[in-house]
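Report on the structure given below.
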There are 2 protein chains.
Amino acid sequence: MRVVIVGAVAAGPKAACRIKRLLPEAEVVMVDKDDIISYGACGIPYFISGDVPILEELFSTNYHVVRDTDFFANSKGVKVLPQTEAIGIDRKKKEVFIKNLVTGKEEVLSYDKLVLATGSIPFIPPIPGINAQGVFSIVNLHDAQTVLDLIKRGEVERAVIIGGGAIGIEMAEALTDMWGVDVTIVEMMPHLLPGIIDTDISLMLKTHLEMHGVRLVCNAQVKEIKTDETGRVKEVIASSEALPADLVIVATGVRPNTKLAQEAGLLVSPQGIVVNQRMQTSDPDIYAGGDCVENRCLITGKGIFISSGSIANRHGRVIGTNIAGGLELFEGVVRSFVIKAFDLCIAKTGLCEEAAQKEGFEVIPVMIVQLDRAHFYPTKQLMYFQLTVEKNTQRVLGAQAVGINGDAVVGKINTVASMLKFKPTVDDLSILEIAYAPPFGTAVDILNTAGNVAKNTLAGKNRTISISEFLSLWQQRTSGEYIFLDVRETADAKPYVEKLAPYWINIPQREFRKRLAEVPTDKKIVIICNTGMRSYEIQLLLDKIGISQTFNLRGGMAALKMTGIDLVDSR
Amino acid sequence: MRVVIVGAVAAGPKAACRIKRLLPEAEVVMVDKDDIISYGACGIPYFISGDVPILEELFSTNYHVVRDTDFFANSKGVKVLPQTEAIGIDRKKKEVFIKNLVTGKEEVLSYDKLVLATGSIPFIPPIPGINAQGVFSIVNLHDAQTVLDLIKRGEVERAVIIGGGAIGIEMAEALTDMWGVDVTIVEMMPHLLPGIIDTDISLMLKTHLEMHGVRLVCNAQVKEIKTDETGRVKEVIASSEALPADLVIVATGVRPNTKLAQEAGLLVSPQGIVVNQRMQTSDPDIYAGGDCVENRCLITGKGIFISSGSIANRHGRVIGTNIAGGLELFEGVVRSFVIKAFDLCIAKTGLCEEAAQKEGFEVIPVMIVQLDRAHFYPTKQLMYFQLTVEKNTQRVLGAQAVGINGDAVVGKINTVASMLKFKPTVDDLSILEIAYAPPFGTAVDILNTAGNVAKNTLAGKNRTISISEFLSLWQQRTSGEYIFLDVRETADAKPYVEKLAPYWINIPQREFRKRLAEVPTDKKIVIICNTGMRSYEIQLLLDKIGISQTFNLRGGMAALKMTGIDLVDSR
């Protein structure tokens, strides 16, 4: 049995090694265009930032052995042909045509089973000047090394990153934090990580990036990259603004690399090579995995494109098992995501509100702000959590979280992620049994609270507004239609009442039952506390006395502050 | 509508507040024997350790308001009768008899709905001297304050803790870390946290505690507590050993407090008051929640006792909703657990191997050691993870994890916990989509690896031994029946080969294919690498050439080291 694998980054090597473990007698040949193989492209920003001091670490094992062709030959029994391109497939004869990119020599490899792990290719927007010197789309380790060399030679003072997705943000941190480069991110959509997280959460991320000196230009299209007389990048024209730059990183996403599959006549969709749950293409002797395949979204049931080394690895194992005669299925993806941005961790799983609405779901938005440890435990931090819930079915479609304590943030998201394929409802979250001890959580976990708040919202009891809705009401404050009722303790509310009267009034929740008479009855009321919990209780009390034109600010002052909004300019 | 609630610690207050939110017109009266109410008993060790500087923080809100009778009256509209005992129930008349513990005055409260949240009572073993001065079972904040006062007055130099459960361990840390008290834990069972975690994991915990100066005496029964002439504790006789002590903490567990329910003729099992999923007792007008009720284990389907403030809170909300006319169900528990012990976090969910076997499951044991972040990311730490898998069904019954990076450890456990009620198999773990970025995880997550290793073990491909089994084989090394084959890189294996030859040989995995001839064919082979992954690959290679009497050490040298075993005494 001979298996040929095209692509040796993530899915390819994983499949290769699995096959050799299960079927040691199989001959496994892996070809790759590059000379560096089996690497973690996800580590590039950490190489640029200096966290990873040597490039080799990105293609070494845990025990510091370089994963090169020798390693695959000796440790794994897998033959690797580096700097070799697969240029065609004859499916009838079961042959792959390959070309050595150094010698130009072409060869034919026959196969019993073929694996396509051709990955993705960067989408390069058709901008004038995009090929100028100093413009990079960082997709492999060679680019990474080149950019780092430029920086180390002191040639980079100002960088523009085109694209506010994960790579753009990670690169912004790397360039700013370690090297003091002046970084501007240009994003075409209204906010960062569009389609991944929602507006309120993305505002928190934006504020944090700005706090660390990164400039953001959203809603902006890059029209041109201008160069100096030597052909080197000089500035980026984003909408009407000229941004000086001596380095431009193009991080506008990647597309599945399906050329080889397409030319071989395999079924291919715009999202990638079409595979079944065994990861077989429309030709049962050809498997495919990694960035080049279409994935099934377990929330919507639709085929989607995903670029992820982690998912590629899972694909690889499934392919390996099935080629070796076993049976293993890859059911689909729930689109989990996490990113570090300076001190902040942003994570999500499933669909954010915007993505769910785009898919036609009618959703209710839920935002919780809660401590990640017992309130009396010294290292506690606030966590900001958003849940996407389908209105009719009460089904949980996704979750997003932001916080300083990254492992705790991603832990909550993973806890939701693992349930998603079982189609959980808000009830499942409400009684979810999170392990509890004061140093690691709260007796009522943020996930329980999210379920509870969702239930209260679905029942029409908790009627909330988002931060942007709050701001729009605040701007109308002089109209007299709305009053802003702060139900925090007097000491907390005082600076607001002092500066923002008569629009801002304070009746602490603790005294509310006694002071009901003070509540204005001629105005709509925006209720505010620190996290949105006490304000909910007040909303219920007001309902009881017939005052029902009330709006609870989701996440309260804590969420507002986290988005950088300071109504009293307390700096 | 009048609701009477007996018990004002966790389930009681939660139910009370929920009822008042949903049904503001209801009259809610809560009685409690104590004058301190609505507190987090789980915080006691952190009060003793000084992490929580003021006792009030344990019964304050997140926004630092003390949860006393005034707070419940004004903030929540709930009437609290402190220092009041419920001494009987007339179910026909729907009346509760109460007694003021200060004045001795008795009264009758009529109810429409009654909630029993009577909690648990410490189990005090019948040991001679158990009532001596200086012996405490820390169940409420008064005990906590008394013990802290003793310590602060310098009266405690040596403490004995009876019971190696959660409270015992947390108290050991508190006393040692902050106060330099000489602590010995006496545990009746063979290891710490019996029934919660398995031997190998508990050995890691033991080693860590000893590293921090805590002494452990397992397999030992306390026979007597001896006092000096003033009646003050002097020493604890544990099996044949006399342990000097000027403080004894009895942490031998708690039992459900079901007296009131039992006397009222409600259905009560040894595990607690029997309730349905709505948390109704056998009398539909009487609800019960918290430590006093029997919980349904979602793994075994059996009724069990659980003491947990976190679960009590979830019970409380369900009770509140149902009494207020809604419908909410509490399905059962998966027995999630987490504890901090100095720098270590130990967490579990579901059943450990020992507990599963006791329940009649035939299980396979799986232990993984893996980094919690990308191997190239600076802050990475090893995590030690054990999975309990039912052999016939491949069902995941539980998981345990230990590590330094506590939030990451508990995050993994919670991720498994949330799946457990859906009866996941090892396949569900194998392809589980954990959010991945280098600062927060590995491309193949430890949960994926656990699923994969379980599958390899179920397939008979990965044949492993535990640490204790390894040690027993090591003790027989001179018999010549076994050889210990170290497949790590030469530099790592060298000290072992030098000191432990001829029993210990080294053929690095990387060179193995070329050096197959060196493998002894006349002995059974124990294969060892750093974490158990490379040794698995070698096991497969040896299978291929007909050498199948091989045993892979689960978790490898990393697990061995974590349990404090040092074969070459490298200190």
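Details
- Inter-chain Cβ neighbour count for B:424-433, averaged per residue, equals 6 (cutoff 10 Å, partner chain atoms only).
- In order along the stretch A:348-353, the phi-based Karplus estimate (6.51 cos²θ - 1.76 cosθ + 1.60, θ = phi - 60°) of 3J(HN,Hα) comes to 7, 9, x, 9, 6, 4 Hz; Gly and Pro are listed as x.
- In the stretch B:315-370, the alpha-carbon atoms span a convex hull of 154 Å³ per residue.
- Listing A:E328, A:E359 from fewest to most neighbouring C-beta atoms within 10 Å gives A:E359, A:E328.
- Ascending list, in nanometres, of distances separating the B:N100 label from those of the other copies (7 Å, Cα toward Cβ): 9.9
- A P(r) calculated from all alpha carbon pairs of the stretch B:135-252, with 10 Å bins opening at zero, reads 14, 48, 32, 5, 0 percent.
- Sorted from closest to farthest, the other copies place their A:G231 label points 9.7 nm away, with each point set 7 Å from Cα along Cα→Cβ.
- Mean Cα-pair separation over length for chain A, i.e. relative contact order, pairs under 8 Å, 6 or more apart, %: 11 percent
- Separation between Cα centres of the stretch B:106-185 and the stretch A:310-355, rounded to whole Å: 46 Å
- Share of alpha-carbon pairs per 20 Å distance bin for the protein assembly as shown, given as whole %: 11, 38, 35, 14, 1, 0
- With only the Cα atoms considered, chain A has a convex hull volume of 175 Å³ per residue.
- Ellipticity at 222 nm from helices only: DSSP H runs of n ≥ 4 in the protein assembly as shown, each -39500 (n - 2.57), divided by the residue count, give -8000 deg cm²/dmol.
- Between this copy and the others, label points of B:H142 are 7.8 nm apart in ascending order, each placed 7 angstrom from Cα in the Cβ direction.
- The stretch B:455-503: proportion of alpha-carbon pairs further apart than 12 angstrom, %: 71 percent
- Antiparallel bridges, percent of DSSP beta bridges restricted to the protein assembly as shown (to nearest 5): 55 percent
- Order by protection proxy (mean Cβ within 10 Å, highest first), peptides A:557-567, B:434-444: B:434-444, A:557-567
- Gain on full stretching of the segment that runs from B:R515 to B:S548 - 0.36 nm per residue minus C-alpha separation: 10.2 nm
- Under 11 Å, Cβ to Cβ, from A:A401 - net charge with Lys/Arg +1 and Asp/Glu -1: +1
- Three principal axis extents of the stretch B:388-484 based on alpha-carbon atoms, in descending order, are 49, 33, 20 Å.
- Long-range HN-HN contacts of A:S336 with modeled amide H, under 5 Å: A:G350
- Total formal charge among the other residues, if their Cβ is under 13 angstrom from that of A:D68, Lys/Arg +1 and Asp/Glu -1: -1
- Inter-chain Cβ neighbour average for residues A:439-448, partner chain, 10 Å: 6
- Within a straight-line Cα-Cα reach of under 20 Å, B:K152 can be paired with the following lysines, leaving aside sequence neighbours fewer than 8 residues apart in one chain: B:K234.
- In sequence order, the stretch B:271-286 has phi-based couplings of 8, x, 5, 7, 10, 8, 5, 7, 6, 8, 6, 5, 9, x, 8, 10 Hz under the Karplus curve 6.51 cos²θ - 1.76 cosθ + 1.60, θ = phi - 60°, and Gly or Pro positions carry x.
- Beta bridges by DSSP in chain B, antiparallel share as percent, to the nearest 5: 55 percent
- The ellipsoid equivalent to the alpha-carbon distribution of the stretch A:431-532 has semi-axes of 30, 17, 14 angstrom, derived from the gyration tensor eigenvalues as √(5λ) and listed largest first.
- Long pairs among A:K455/A:K514; A:K348/B:K423; A:K302/B:K302, criterion Cα-Cα beyond 32 Å: A:K302/B:K302
- Cα centroid of the stretch B:383-414 to Cα centroid of the stretch B:273-305, whole Å: 27 Å
- Label-point separation, A:Q357 to B:L267 (7 Å along Cα→Cβ), nm: 4.9 nm
- Summarising the amide proton neighbourhood of B:I273: residues at separation of 5 or more, or on other chains, whose placed amide H is nearer than 5 Å comprise B:V293, B:E294.
- Nearest beta carbon of chain B to the B-to-A rotation axis, with distance in whole angstrom: B:G411, 1.
- Distance violations [Cα-Cα > 18 Å] among B:K391/B:K524; A:K206/A:K561; A:K380/A:K461; A:K92/A:K113: B:K391/B:K524; A:K380/A:K461
- Where only C-alpha atoms are counted, convex hull volume of the stretch A:33-114 per residue in Å³: 124 Å³
- With only Cα atoms counted, the stretch B:274-417 has Rg and Dmax values of 18.0, 60 Å.
- Estimated translational diffusion coefficient (Stokes-Einstein, Kirkwood radius over Cα pairs, 25 °C, 0.890 mPa s) of the stretch A:337-458: 172 µm² per second.
- Hydrodynamic radius (Kirkwood) for the stretch B:474-545, which is based on Cα pairs only, to one decimal in Å: 12.3 Å
- Neighbourhood net charge (10 Å Cβ-Cβ; Lys/Arg +1, Asp/Glu -1) for B:G320: +4
- Against the rule of thumb 2.2 N^0.38 Å, how large the Cα Rg of the stretch A:64-215 comes out: 1.41
- Residues whose amide H lies under 5 Å from that of B:Q133, counting only those 5 or more places away or on a different chain, are B:V233; hydrogens are built 1.01 Å from N in the peptide plane.
Readers should treat all values here as calculations from the given coordinates under stated rules, not as data from a laboratory. Please read all numbers here as calculations on a predicted model, not as lab measurements. Here the Cβ is made from the backbone with ideal geometry for all residues, glycine too, and neighbour counts use every protein chain on show.
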